[in-house]
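The values are calculated or read from the model by the stated rules, or taken from the named source; none is laboratory data. Owing to the predicted nature of the structure, the values given are computational and were not obtained by experimental measurement. Note: ideal-geometry Cβ built from the backbone for every residue, glycine included; neighbour counts use all protein chains shown. Just so you know, the surface numbers come from the protein's heavy atoms only, side chains and all, with ligands and any DNA or RNA stripped out. Shrake-Rupley method; radii C 1.70, N 1.55, O 1.52, S 1.80 Å.
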Amino acid sequence: MANNLTIVMYHYVRPLKESHYPELKALELDNFRGQLDFIQHHYTAVTMEDVIAASRGEAMLPEHAILLTFDDGYRDHYEHVFPLLLERGMQGSFFPPACAVREGRVLDVNKIHFTLASRTNPQRLIDEIFAEMDAHRKQYGLLGNAEYFEIFSRESRYDSAKVTFIKRILQKGLPAPMRGPLIDRLFRQFVTQDERDFAAELYMTDTQLRDLLDAGMFIGSHGDQHLWLNTLSGEEQLREVETSLEFMADLGVALQDWVMCYPYGGYNDALLSLLRRKGCALGLTVDVGVADLAITDSLCLPRLDTNDLPNSLDACLAHGEPTIDGRHLEA
């Protein structure tokens with residue numbers, strides 16, 4: 001069991017019921033506190049530096065080792081997560097996309113999230129998307145609407161078929177020159193016209209990221225623009241990686257042992273080769289599982305979603321040890 005590692009993935013963590021977007025798929029702050037209670041009872045929290053050393057055979061992890069990771073650079077993480085981690089003496093690893101912090105614009109992924117959280121009926125959004133596709137079908141040589149729905153409407157672990165379709169068609173299903181303007185229009189129509197103000201409330205600043213770093217937290221790469229890296233050309237992958245590394249260096253992050261967290265979990269062999277050339281120590285996926293550092297490729301480490309863990313110690317004691325699809329988390 002030594003060198004088995006549970007990596008937990010977090011995104012939005014906030015007092016959700018009190019927010020302007022209670023329909024957002026986020027972890028309620030009180031549930032995060034309860035989850036930390038559960039983690040401290042059942043696991044030993046380790047640092048990213050511990051994991052890098054163990055992946056190289058330079059050290060062994062304790063039994064029931066767990067690493068906490070926080071994607072996308074949200075202000076939630078600074079205001080709500082950071083104080084709780086400090087209070088408990090735990091390290092968090094944070095992965096901000098460079099452009100969200102530097103440019104004050106809302107990432108397409110977040111525009112989609114908040115459009116979906118705006119209490120707009122998903123079918124209305126699908127109708128808007130189909131109308132846009134009808135208007136540009138000849139220009140971009142698009143397939144029929146029903147064909148796209150068949151391709152992208154598979155139910156996911158947490159989303160209905162309609163919501164999955166909306167996410168996937170806007171994230172990567174449509175041609176890039178069409179996706180951006182359509183996402184922008186839906187965001188302006190259903191969320192806000194003031195993108196810069198929204199971004200300032202959503203993401204951490206570079207000063208806040210330096211505060212995390214100074215307090216012993218870990219900061220890694222999440223690319224520049226939060227793109228599906230496995231859909232990009234080699235040149236585009238290189239630009240995403242190098243821009244992110246420049247951003248991290250400006251923050252004061254040491255780059256001899258840097259870590260990549262793949263946006264959307266997207267990676268391919270070309271990207272892995274690039275990361276190895278660039279000296280990347282670890283890569284974090286969204287593949288579901290517990291990592292065995294003795295056999296798992298260090299650039300393809302699986303993670304659990306926060307929803308895979310109980311939200312309180314009492315819940316775990318009442319219902320037994322947590323499992324994924326009937327399997328114990330630490331196999």
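The table that follows gives values for the structure above.
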read-out: Over the chain: helical MRE at 222 nm, DSSP H runs n ≥ 4 each giving -39500 (n - 2.57), nearest 500; value: -13000 deg cm²/dmol
read-out: Hull-based mean projected area of the stretch 1-48, where the convex hull spans the alpha carbons, in square nanometres; value: 4.2
read-out: The chain - percent of accessible surface contributed by carbon and sulfur, probe 1.4 Å; value: 47
read-out: Set Lys138/Lys167; Lys17/Lys162; Lys25/Lys167; Lys138/Lys162; Lys111/Lys172 screened for pairs whose C-alpha atoms are more than 19 Å apart; value: Lys138/Lys167; Lys17/Lys162; Lys138/Lys162
read-out: Calculated log₁₀ intensity ratio I(q)/I(0) where the Debye formula runs over C-alpha points of the stretch 180-235, q = 0.21, 0.26 Å⁻¹; value: -0.97, -1.04
read-out: Virtual spin-label span in nm between Met60 and Ile151, 7 Å along Cα→Cβ; value: 5.0
read-out: The stretch 1-158: relative contact order as a whole-number percent, Cα under 8 Å and 6+ apart; value: 24
read-out: Interchain or long-range residues, amide H under 5 Å from Ile7's placed H; value: Leu67, Ala291, Leu304
read-out: Net charge contributed by nearby residues that have their C-beta within less than 12 Å of Leu36 (K/R +1, D/E -1); value: -1
read-out: For the stretch 20-106, accessible area per residue (1.4 Å probe, heavy atoms of protein chains only), Å²; value: 39
read-out: Stokes-Einstein translational diffusion, the chain - Kirkwood Rh over all Cα pairs, 1.002 mPa s, 20 °C, in µm²/s; value: 103
read-out: The stretch 33-188 shape via C-alpha gyration tensor axes, a/c threshold 1.5; value: prolate
read-out: Backbone HN-Hα couplings from phi across the stretch 286-298 [Karplus 6.51/-1.76/1.60, Hz, Gly and Pro as x]; value: 10, 4, 8, x, 9, 7, 10, 5, 6, 10, 7, 4, 5
read-out: Semi-axis lengths (Å, descending) of the ellipsoid that matches the C-alpha gyration tensor of the stretch 48-138; value: 39, 17, 14
read-out: Solvent-accessible area per residue, Å², over the stretch 161-231 with all protein chains present [probe radius 1.4 Å]; value: 41
read-out: Relative contact order %, the chain, counting alpha carbon pairs below 8 Å whose residues are six or more apart; value: 23
read-out: 5 angstrom amide H check on Gly92, placed H, neighbours 5+ away; value: Phe218
read-out: Approximate shape of the stretch 165-281 as ellipsoid semi-axes (Cα gyration tensor, √5λ), whole Å, largest first; value: 27, 22, 10
read-out: Euclidean distance between Cα centres, the stretch 246-281 to the stretch 24-53, Å; value: 23
read-out: If the convex hull is drawn through the Cα atoms of the stretch 99-212, its volume per residue in Å³; value: 115
read-out: Long-range HN-HN contacts of Asp287 with modeled amide H, under 5 Å; value: Arg303
read-out: Semi-axis lengths, Å, the stretch 216-312, gyration tensor of Cα atoms, sqrt of 5 times eigenvalues; value: 22, 16, 14
read-out: 9 Å beta-carbon shell around Asp206, net charge (K/R +1, D/E -1); value: +1
